[in-house]
Structure formats: C-alpha cells, structure tokens
1. Spin-label point model (7 Å from Cα, Cβ direction): what's the Lys189 to Leu230 distance in nm?
2. Got a sec? What order do Met15, Met155 fall in by accessible area at 1.4 Å, biggest, i.e. largest, first?
3. Excluding same-chain residues fewer than 8 positions from Lys279, which lysines have a Cα within less than 20 Å of its Cα?
4. Any idea what diffusion coefficient the range 158-246 gets from Stokes-Einstein, in µm²/s, Kirkwood Rh on alpha carbon pairs, 25 °C, 0.890 mPa s?
5. Per 10 Å bin, what is the whole-percent P(r) computed from every C-alpha pair distance within the range 26-170?
6. Just to confirm the filter: which GluC sites (Glu not before Pro) across the range 112-213 are DSSP coil and have at most 13 other Cβ within 10 angstrom of their Cβ?
7. Quick one: Cα centre-to-centre distance for the range 133-205 and the range 209-274, in angstrom?
8. Near Asn55, within a Cβ-to-Cβ distance under 13 Å, what is the net charge of the other residues, with Lys and Arg +1 and Asp and Glu -1?
Amino acid sequence: MKVGILGGGQLAMMMIQSCIDDDIEFIVVDPSENPPADRYVSCIKSEFDNVDMLNKLSSACDVVTIDFENVPSSALKFLEEKIDVHPNSKAVETCQDRLKEKNLFKECGIPVTRYEKIDNLDELEALKSSFSSGSILKSRFFGYDGKNQVDLDVMDSETAFQNCGGGKLIIEEKVKFVKELSLIGARDKHGETVFYPLVENNHMNGILHTSLAPYNNGELQKKAQNYHRLLTSKMNYIGVLVIEFFLDHQNNLIANEMAPRVHNSGHWTIEGASISQFKAHIKTVLGEKITNVKVDKHAAMINIISKMPDLKLLNLSSLEKIYDYGKTERNSRKLGHITLVDKNRKRLLARIETLTKFINQKVC
Ligand code: AMP
C-alpha cells in the first residue's frame, strides 16, 4: 500500500516510524528544506497546491493524509476527485477556521465558551466589555502554539487587533479551567472509533509543555467520547481526530479546538499504548479496523522547546526515550520531546519534575 502525506514534519516522521515493519510505502511532500520526515523517506520538495505534484501523488498513492492542518483545502479537494483523502477536505477546512470549528461544536451540542466574530476594531471595542471573565482575541486562521492570539486583559484593543492580523478574528470568553484535557480517537471507514484515555495537558505560554495519561475519570471519558462521535459522524471523518477541552470547576468539558490529525498530546502512545496514535491513524486511513487500544501503565511526554538539553544531564533510563526532530534551535520552536512510562504515577510525576529542570524552555 502507498500512503501520501502532505507535510513532512515530526508528525509525518512518527507516522512513518510507526509503520516501519509494515508493508507500507510513504510518499511525503513538504515545501521546506530537510523536513524531519526526510530521515525515513526522501521528501518531495513542493508547494502543497502544485498541480503537477498533486497529479503524480494521486496516481502513485492509495490514500493521502496530512501532518499539518493548514494544507490548502483546494489541494485536498483536487485529490479527492481522484483518490481517497483522509481526513476529508471539508473536515480540514472546518478545523482551519476557529469560527467554523466553534460553530460546529455548537451545532453538535458540545459546550464551548462564549465567542463572537470580529472583523474590525469598532466591533472589538463594542464587544470587549461584555466578556465579564476576561477575553482572548484570536486569529480565525493559522493559529497554533499560542500564536496569533492575545489576552485582552494585558493588551489594549488596538494593539491586540493589529497583533492578531487586523481582521478575521474571534473573541472568546476566558475559561477559568481546572485542567486541560484532550481526547484522541481513531475512526474507521465503518464509523467505529477506538479511543485512548483522556490526556492531561499543561501549557506554557500557549505551547504544550507536558502531557500525562491516563486521566482516569469514567464519566468524563464517556462524555468526551460522545462529543468525539458526534463530531466525526457529522464530518464523515476517517482517521485520528483530537479534541482539546477545558475542564471547568463544575466538571464540564468545554471544547477549545480540534485537530484533524495525530497530535502532540498523543506522542506518549508510542511507548504507553498497545498501538500508537500514529499507527492507528495510518491503519484507519488505509481502511483497516482497529479493535481496541490497551493502556496498562502511566505515560508522559515533555516537549523540548527552543533549545535541546544536555543528554548527559538528563541521564535517561531505559523507560525514557528522547526524540530529536533535527530542527535548528529557535525560540518557542518544538525541537523534540521525551516520553516516559511507569506503572507508578507518583514516581512518574517526580521524574517529570526532575527532567523539566534540565530542559531549558525559553518561551516568550
Ligand atoms: P489554543 O491555540 O486555542 O489551543 O490556545 C492555546 C492555549 O491558550 C490553550 O491551551 C489554553 O491554555 C489557553 N487558552 C486559549 N483559549 C482560552 C480560553 N478561551 N480561556 C482560557 N485559556 C485559553
């Protein structure tokens, strides 16, 4: 089988790694020089909307997927005329726009924080004071890792408006959350979904810092799975979809956003689950069925951001694994991660604390 991947970042790299022993060939396209997936396959250097490349890809592959949700949906639509594309262009288009995404959550009856569309400064000035718990201004498009968003409690409206791109924005009520959780599920072509346990996530300045699984809470797990099923059946979705939630003080899950792909909060599944999110994604987009996922230990992931740590200081054990994406160091850039597993949650938490001290996360 041949799988095309648009985007050759670390997610594509791990998708390929996860299927190294399977009879699957990958063709990866990325516009940048030396993307992380280059270690496993020689990536095709091309813009995602290059028609020649898309024609070649469609004749060579059985299915095309993505490692990056900002692939132009027109490219996915073009491919859809010829071959299977998962996730489909409509789902990707929805996830690219925070407004469409939140509207869909609402339509499916999934709780969201109050939000409004903002297209000019006057609208922002008029609405800002109506958000009693404070508000966050976000660009509708191309927002990730806390980029293109501003806390309106710490910046005046005009600067915030310009910093977020000067239009096509949304303003959101700030959620006073207890925790941030994510749910990863892989849906197959028959509409059956396998779920991973909820993951607890900690962010630093908008960037994911650590993930810890499982977050054991049967009631919340059931609720989150129900929301996931509502979304994926509405979007006719195949593959891995991840929903990020806030858990509020009343035990409500409030959907923040979703990712139509494998996710940073699921990296621990390589070492911590019977089948990783990467393999689950590839299997489901290829039309295979996954019957269940077993998680019988605690697992965590620490992101390495801005600067690679000194390996000698980390002194990693055999239960700890470091991934280096081979990227140049840059402030706020995800360069790699460490996964660790342990039967004992307390010991795992203590180890996270120790390791974090040696990982210089200069984020601004
Ligand atoms: P996002 O890009 O929407 O995932 O936001 C990045 C991070 O900013 C989230 O993981 C939260 O920690 C924080 N954040 C975003 N939106 C809100 C909100 N409405 N209320 C409180 N915190 C938020």
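The values are calculated or read from the model by the stated rules, or taken from the named source; none is laboratory data. The model shown is predicted, which means the values in this text are computed figures rather than measured ones. Please note: Cβ atoms are built from the backbone with ideal geometry, for glycine as well, and neighbour counts cover all protein chains shown. Remember, those area values only see protein heavy atoms, side chains included, never the ligands or the DNA or RNA. Shrake-Rupley method; radii C 1.70, N 1.55, O 1.52, S 1.80 Å.
1. Placing both labels 7 Å along Cα→Cβ, they lie 2.9 nm apart.
2. Numbers: Met15 0, Met155 55 Å².
Largest accessible area first, the list is Met155, Met15.
3. Lys2, Lys189, Lys289, Lys294, Lys297, Lys321
4. On the way: Rh = 15.0 Å.
Rounded, D is 163 µm²/s.
5. 10, 32, 26, 20, 10, 1
6. Filter output for the range 112-213: Glu192.
7. 14 Å
8. Details: positive: Lys56, Lys82; negative: Asp49, Asp52, Glu81.
Local net charge: -1.
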